[in-house]
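No value in this document is a laboratory result; all are computed from the given coordinates. Predicted model only: the values in this text are computed from it and were never measured. Note: ideal-geometry Cβ built from the backbone for every residue, glycine included; neighbour counts use all protein chains shown.
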Amino acid sequence: MYLGVDQAAEWADAVALIASTHDAVRSGAVRLFVLPSLPATVAVSAKLSDSAVAWGAQDLHWDDRGAVTGGTSGADLVELGCTLVEVGHAERRKIFGEDAGVTRRKFAAATRNGLTPVLCVGEREPMPAADAAAECIAQLESAFAGDRGSTEVIVAYEPEWAIGQPQPAPPEHVRAVADIVREHLASTRGTAGETTLIYGGSAGIGTLSSLGDSVDGLFLGRFAHNPADFARIIDDAAALT
Ligand SMILES: O=C[C@H](O)COP(=O)(O)O
């Protein structure tokens, strides 16, 4: 909810231009997706429709149709051209009280509608990496509910305590957690579907370079609101490919 509808559309216009001119995006070496607020979806998608940038939503309801006033149907997101949807963001869990059961049902709704879930996991408080990874794995397994890789999933590791801060979580912490989570994903989901691990939480210019190949990318918030900064973050990604 940082950007208004017009601001989001203007931002998407700038991002579409960056995507169309950046070699790493044009070649497919760097892939981009945008998850605008729901009211901005149509305006943003109009700007991105001729670009390589995918778009999606920040939330959906677990039912596709019925008496759910104020809900967002995954089927409707598909009609809007969304190919991804965020599930289980820390703010959904904290502000809206979404528990593991709700996250599990929303994850299922995403896959049922053919939307790639961007499944957010992360520890609430700072803690040793092994404990944080265990918390993330418990959240993952709860959401998967036995799904063993039939579908593509983007896992966004976002420590709750690192969101909305001046700096991301320390890179050594992120790398240590990511290594354990990746190992778990590889051993439980194998190569079926595709599982991508990205880091979010005050990520910006330089974050990806500091994480090396422990993650596949970033889940950006405030520090991508300036298109010029976003372009520099794409440069960081391109340098790693
Ligand atoms: O979804 C985005 C994350 O919550 C990160 O936001 P932030 O980078 O502004 O902390």
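Reported count of residues in the range 200-241, each being more than 24 Å from Ile180 (Cβ to Cβ) and either polar (S, T, N, Q) or assigned to a strand (DSSP E or B) (or both), is 2. In this structure, Ala178 does satisfy being in a helix (DSSP H, G or I), of a type in the set (A, V, I, L, M, F, W, C) and closer than 30 Å to Arg232 by Cβ. Scanning the range 20-44 for residues that are surrounded by fewer than 20 Cβ atoms within 10 Å (Cβ to Cβ), among the hydroxyl-bearing types (Ser, Thr, Tyr) and in contact (Cβ under 8 Å) with a residue 12 or more places away in the chain yields Ser20, Ser37. Scanning the range 135-173 for residues that are more than 16 Å from the ligand (Cβ to nearest atom), touching a residue at least 12 places away in the same chain (Cβ under 8 Å) and either under 17 Å from Ala90 (Cβ atoms) or part of a loop (DSSP other than H, G, I, E, B) (or both) turns up Glu135, Ile137, Leu140, Ser142, Ala143, Ala145, Asp147, Arg148, Gly149, Ser150, Thr151, Glu152. In summary, Leu60 fulfils each of the numbered conditions (1) in contact with a strand residue (DSSP E or B) (Cβ under 8 Å, 6 or more places away or on another chain); (2) closer than 20 Å to Leu218 by Cβ with the single exception of condition (2).
With respect to Ser187, determine if the residue is more than 12 Å from the ligand (Cβ to nearest atom), at negative phi and touching a Lys or Arg at 6+ places or on another chain (Cβ under 8 Å).
Working: more than 12 Å from the ligand (Cβ to nearest atom): yes; at negative phi: yes; touching a Lys or Arg at 6+ places or on another chain (Cβ under 8 Å): no.
Spelling it out, it is not the case that Ser187 is more than 12 Å from the ligand (Cβ to nearest atom), at negative phi and touching a Lys or Arg at 6+ places or on another chain (Cβ under 8 Å).
Where helices (runs of 4 or more DSSP H) fall entirely within the range 64-116, those with at least 2 residues that are of a type in the set (Val, Ile, Thr) are at 100-112.
Given the condition under 25 Å from Thr21 (Cα atoms), under 19 Å from the mean Cα position of the chain (by Cα) and surrounded by fewer than 15 Cβ atoms within 10 Å (Cβ to Cβ), answer yes or no: does some residue in the range 201-211 qualify? Give the steps one after another, and end with the answer.
First pass over the range 201-211, keeping only residues under 25 Å from Thr21 (Cα atoms): 203-209.
Next, only the ones that are under 19 Å from the mean Cα position of the chain (by Cα) stay: 203-209.
From the residues that got through so far, the ones that are surrounded by fewer than 15 Cβ atoms within 10 Å (Cβ to Cβ) too are 206, 209.
Yes: the range 201-211 contains one or more residues that are under 25 Å from Thr21 (Cα atoms), under 19 Å from the mean Cα position of the chain (by Cα) and surrounded by fewer than 15 Cβ atoms within 10 Å (Cβ to Cβ).
Return the residue satisfying two criteria in turn: it lies in the range 69-109 and is aliphatic (A, V, I, L, M) and within 16 Å of the ligand (Cβ to nearest atom), and of such residues it is surrounded by the fewest Cβ atoms within 10 Å (Cβ to Cβ). Can you show your working first?
Our first condition is that a residue be aliphatic (A, V, I, L, M); within the range 69-109, this holds for 75, 77-78, 80, 84-85, 87, 90, 95, 100, 102, 108-109.
Then keep just the ones that are within 16 Å of the ligand (Cβ to nearest atom); that gives 84-85, 87, 90, 95.
Values: Leu84: 20, Val85: 26, Val87: 31, Ala90: 23, Ile95: 9.
In this case the residue turns out to be Ile95.
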